[in-house]
């Protein structure tokens, strides 16, 4: 009987302290966190401490998270520091919590844009502190399945965890359009050789993307400008799907449907000088923003390429005949040298075709291939 009462009392105390610590972290109340640590985390004679700093205190979309991990997730550097230093929390215990979602703490910091916390945490990470566990597992997108026990952040849409290829922390920050993180990492490694995961010029071994190409997915002109003008990132490369920066902009302008992509197009073409004539048929085909279509058509027309999106769309229709494209013979020779080997249209835009649910079942392989082989006639 007595033992049951003791167990129940301990459970209630654990829940109480977990709740108080959670509330203190959410308010970034360093004083309250410090008081809880001082009063309850010190072991007494022949007794365990009442507050176990490394144990989970909250659930983030059904995943257990301890105090250190929760402070990191929220981006509260002061709270994180006092829990780590005064509370003697273990970085390894925090890392194990994030392993449940196949991410590392450094990934979370960069994706969520916690710049101040990155400045504090990066020396631990680069020093390969024994307390830090680096997972080799594939990364997952930062999405969780909410549960009834979710303490916080339950106002976001329910999503399932979707596998994706591994990405470096810097590439994650770029994809999430976290310019502040990209700027900090660039300055941090400015006068030293960065590891690949923090190298602006590094290409992902699976996708072939570098920061420059990834930034084109965001439609963030400030980010693109910083990478080009300050970092001198290479926007002229091709990824492993043989896409260049203009094509990536085209695909993602369709996905995100934001007007800001037009300014990115103009900057990438006019200032950076990326070749917009490369596979221009496919680029026009995937574009939907009328202002961008008009801009690209005009650029092509000024180069002697008489073509329009409507004619490309007609070309792709089985009910229409082949539409000739007028092109200057000199330019045709120039383009053939620039382009090199052509690529598979279906492979390049596989995701786009699937997401848009295009009906391709009735289209023969010959018809699909014909889109990459438009008939050229001499310009009058």
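With r as the distance between the Cβ atoms of residue 47 and residue 222 and R0 = 41 Å, compute the FRET efficiency 1/(1 + (r/R0)^6) and round to 0.05.
0.15
Can you order the peptides 100-111, 19-30 by their average number of other Cβ atoms within 10 Å per residue, highest first?
Highest to lowest by the protection proxy: 100-111, 19-30.
Every number in this text was worked out from the coordinates using simple rules, so none of it is lab data. Since we're looking at a predicted model, the values are computed, not measured. For neighbour counting, all protein chains shown are included, and Cβ atoms are generated from backbone atoms with ideal geometry for every residue, glycine included.
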